[in-house]
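Below is one structure, written out as structure tokens; the observations come after it.
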Amino acid sequence: MNTPIFSVVMPVYHVEQFVAEAIESVLAQTFKDFELIIVDDGGHDGSLAICRGFQDARIRILSQRNRGLAAARNTGIAAARGRYIALLDADDRWHATRLAMHFIHLNANDRVDVSYSGSRLIDGDGQPLGIAQRPRLAGVRPHHILTRNPVGNGSAAIIRRSALDRVAFAHPEEPGRTCWFDESFRQSEDIEMWLRMSAGAGCVFEGISGLLVDYRIVEGGLSANIIRQFDSWQQAVDKAGSYAPALIKKYGQLARAYQLRYLARRAVQLQDGGFAFSLTCQALHTSPALLWRDPLKTLETALAAVAARWLPQATFQRLLARRQQTGDIA
């Protein structure tokens, strides 16, 4: 297969507990015209051996010294032969119809550069947390990406190769190496590129209905490191200010408030009530507009933070375990 429709790019680094599930979810796709590019990012656990255990001609394995997620994605994109580039983190997994649904979407809409869907959150054991990312699907503008990031997570985007080429740049220190993701970022590399594609290059983002990604929240992983996550997010916003100053001036404070509220909800999931309450207060202080722009979600976040902060831990854990209704976490 020389020119598959999809190139699935999956960086692998110390994910031996989850990587088999991720690969299986790709091989189980109902749409079969794809290649899976696994990029070994210089890990030392058993992840690579697990990857090599899969016998499928559509799988290619590349290895590099440890450079981080953004660099591993760049390595995979550089080797990709597909018309569309699908990103998958090795601790997440896909619904079996994901590639088929996005093929229909992208093939029917030449103007769409980035296609994405909603996601459900799962825990380390693969069990649903009862929460979902249900993003804005249509009419997406740069300020929507800045304030709410409709793409949601690193396994939700499928990108037209021609759109990626519009934002490619030479590595600042390695002649001959092309970058799409900014390798100076160790977190928030997704939102940095979405902002650059939308506000900088005019790329069109549009989603499709359904929860086609299982996005795993693992304590101790990147998603759980809240302080570093906020710092890297702020770095991405600061960078956007260099090419879209009017956007940041108008929406920067609101975006900061939404990000703080999002992280407060992550802290609730981690059962860190004190931190969740502090983040919620910071969000409201940063932009009280949250109270009338999104009152239900803001009130829900505040009540959850109060419960996590002051209820006995056992009581809060029971409430958290019983929460089964789905909602937007962004």
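Centre-to-centre, using Cα atoms only, region 26-61 and region 104-131 are separated by 20 Å.
Of all DSSP beta bridges in region 6-243, what percent run antiparallel (nearest 5)? Before the final figure, lay out each step's value.
Numbers: 12 of 37 bridges.
Taking every DSSP beta bridge with both residues in region 6-243, the antiparallel ones total about 30 percent.
Arranged from fewest to most other beta-carbon atoms within 10 Å of their beta carbon, Thr298, Thr286, Thr97 become Thr97, Thr286, Thr298.
Can you bin region 112-209 into rounded, prolate or oblate? Criterion: square roots of the alpha carbon gyration tensor eigenvalues sorted a ≥ b ≥ c, rounded for a/c under 1.5, prolate for a/b above b/c, oblate for the rest.
Working: a/c = 2.30, a/b = 1.46, b/c = 1.58.
Taking the square roots of the gyration eigenvalues as a ≥ b ≥ c, region 112-209 is oblate.
Averaging the Cα positions of each part gives two centres, and for region 247-277 and region 177-202 these lie 21 Å apart. Between the exposed loop cleavage positions of the chain, defined as GluC sites (Glu not before Pro) in a non-H, G, I, E, B DSSP state with at most 15 neighbouring beta-carbon atoms within 10 angstrom, the longest gap is 1-172.
Answer rounded, prolate or oblate for region 245-305, using the Cα gyration tensor with square roots of eigenvalues a ≥ b ≥ c: rounded when a/c is under 1.5, else prolate when a/b is larger than b/c, else oblate. Don't skip to the end; give the middle numbers.
Numbers: a/c = 2.62, a/b = 1.79, b/c = 1.46.
Cα axes put region 245-305 in the prolate bin.
Highest GNM mean-square fluctuation among Gln271, Gln317, Gln187, for the chain modelled with Cα contacts below 10 Å: Gln317. The lysines whose alpha-carbon is closer than 20 Å to the alpha-carbon of Lys249, local same-chain residues fewer than 8 away aside, are Lys239.
Take every pair of alpha-carbon atoms less than 8 Å apart whose residues are at least six positions apart; their mean separation over the length of the chain yields a relative contact order of 18 percent. Loop-only trypsin sites (Lys or Arg not before Pro) in region 90-135, please: DSSP not H, G, I, E or B, and at most 16 other Cβ atoms within 10 Å. For trypsin sites (Lys or Arg not before Pro) across region 90-135 that sit outside H, G, I, E and B with at most 16 neighbouring Cβ atoms in 10 Å, the list reads Arg111. For the chain, adding -39500 (n - 2.57) for each run of n ≥ 4 DSSP H residues and dividing by the number of residues yields -13000 deg cm²/dmol at 222 nm. For Leu291 and Arg141, the difference between the fully extended length at 0.36 nm per residue and the C-alpha to C-alpha distance is 51.8 nm. Any idea what log10 I(q)/I(0) is at q = 0.11, 0.14 Å⁻¹ for the chain, Debye with uniform C-alpha scatterers and no solvent? So the normalised log intensities are -0.69, -1.15.
Each of Ser242, Phe6, Gln127 was placed along the dipole of the chain (beta-carbon charges, centred on the mean Cα), and the one lying farthest toward the positive end is Ser242.
Between Gln282, Gln55, Gln259, the Gaussian network model of the chain with springs among Cα atoms under 10 angstrom shows the greatest mean-square fluctuation at Gln55.
Neighbour counting of Cβ atoms within 10 Å sorts the residues Thr178, Thr301, fewest neighbours leading, into Thr178, Thr301. If I build a Gaussian network model for the chain, linking alpha-carbon pairs within less than 10 angstrom, which residue out of Leu290, Leu319, Leu106 has the largest mean-square fluctuation? Maximum fluctuation in the GNM of the chain, among the listed residues, is at Leu319.
Simple rule: put +1 on each Lys or Arg Cβ and -1 on each Asp or Glu Cβ in region 6-243, find the dipole, and look at Phe181, Val204, Leu62; the Cα lying farthest toward the positive end is Val204. Modelled spin-label separation between Gln317 and Ala79, with each label point placed 7 Å from Cα along the Cα-to-Cβ direction: 4.3 nm.
Bridging of Lys250 to aspartates and glutamates at a Cα separation below 15 Å is possible for Asp238, once same-chain residues fewer than 8 apart are set aside.
With +1 assigned to the C-beta of every Lys and Arg and -1 to the C-beta of every Asp and Glu, and no other charges, what is the dipole magnitude of region 105-203 about the Cα centre in debye, to the nearest 20?
On the way: 12 positive and 12 negative charges, 110 e Å.
The dipole of region 105-203 has a size of about 520 debye.
To the nearest 20 debye, what is the magnitude of the charge dipole of region 93-144 about its Cα centre, counting +1 on the Cβ of each Lys and Arg and -1 on the Cβ of each Asp and Glu? If you can, show how the numbers build up before the last one.
Details: 7 positive and 4 negative charges, 34 e Å.
Dipole of region 93-144, to the nearest 20 debye: 160 debye.
Legend: calculated FRET efficiency, Arg177 to Ile61, from the Cβ-Cβ distance at R0 = 25 Å, rounded to 0.05, equals 0.80. In this Cβ point-charge picture (+1 for Lys and Arg, -1 for Asp and Glu), the chain has a dipole of about 980 debye about its Cα centre.
Just so you know, all these numbers are worked out from the coordinates, no wet-lab data involved. For clarity, every value in this text was computed on a predicted model and none was experimentally measured. Virtual Cβ from ideal backbone geometry, glycine too; neighbours counted across all protein chains shown.
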